[in-house]
Amino acid sequence: MYIAVLIVHILVCLFLIVVVLLQSGKAADLAGAFGGMGSQTAFGPRGSATLLSKATTVSAVLFMVTSLTLSILATRNAGLGSTVLQTAPAQTQSQPAKPAAPAQAPSSGGQTFPLPPVGQQAPAPAPPK
């Protein structure tokens with residue numbers, strides 16, 4: 001399905017390029033550059049739609065539809081709906097981890113002060129007597 005839509009999209013792109021390049025510009029003459037009212041100006045009299053303008057409209061609509069279809073198909077095939085946590089095997093623990101006892105740091109004078117847990121500030125030592 002994706003390959004078929006991609007081939008149609010490429011063909012529509014090439015056709016759109018050719019049709020746009022074959023059209024004549026609006027007010028492409030010298031009078032149009034200075035604001036003259038030519039027969040093909042943007043706000044002047046408008047003739048009936050030509051075959052090239054109708055082909056441009058149809059190919060532009062097809063280009064947009066195939067672009068949206070390709071983007072939807074690409075996101076569905078990419079598997080963006082799953083995460084690593086959904087695909088990882090579940091880890092079970094038989095017992096909760098026990099917190100480690102605080103370590104004692106030796107200091108001069110035979111006194112010991114407990115070390116603070118990681119990420120906390122150490123309490124100020126008591127003044128000597």
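The values are calculated or read from the model by the stated rules, or taken from the named source; none is laboratory data. Everything quoted here is computed from the prediction, not taken from an experiment. Backbone-built Cβ (ideal geometry, glycine too); neighbour counts: all protein chains shown.
Quick notes on this structure:
- Filtering the range 56-76 to residues that are modelled with pLDDT of 90 or more, closer than 17 Å to residue 5 by Cβ, out of contact with any His (no Cβ under 6 Å at 6 or more places or on another chain) and not hydrophobic (A, V, I, L, M, F, W, C) leaves 59, 67, 69, 71.
- Filter pass, residue 53 being out of contact with any Lys or Arg (no Cβ under 9 Å at 6 or more places or on another chain), at pLDDT 90 or above and assigned to a helix (DSSP H, G or I): no
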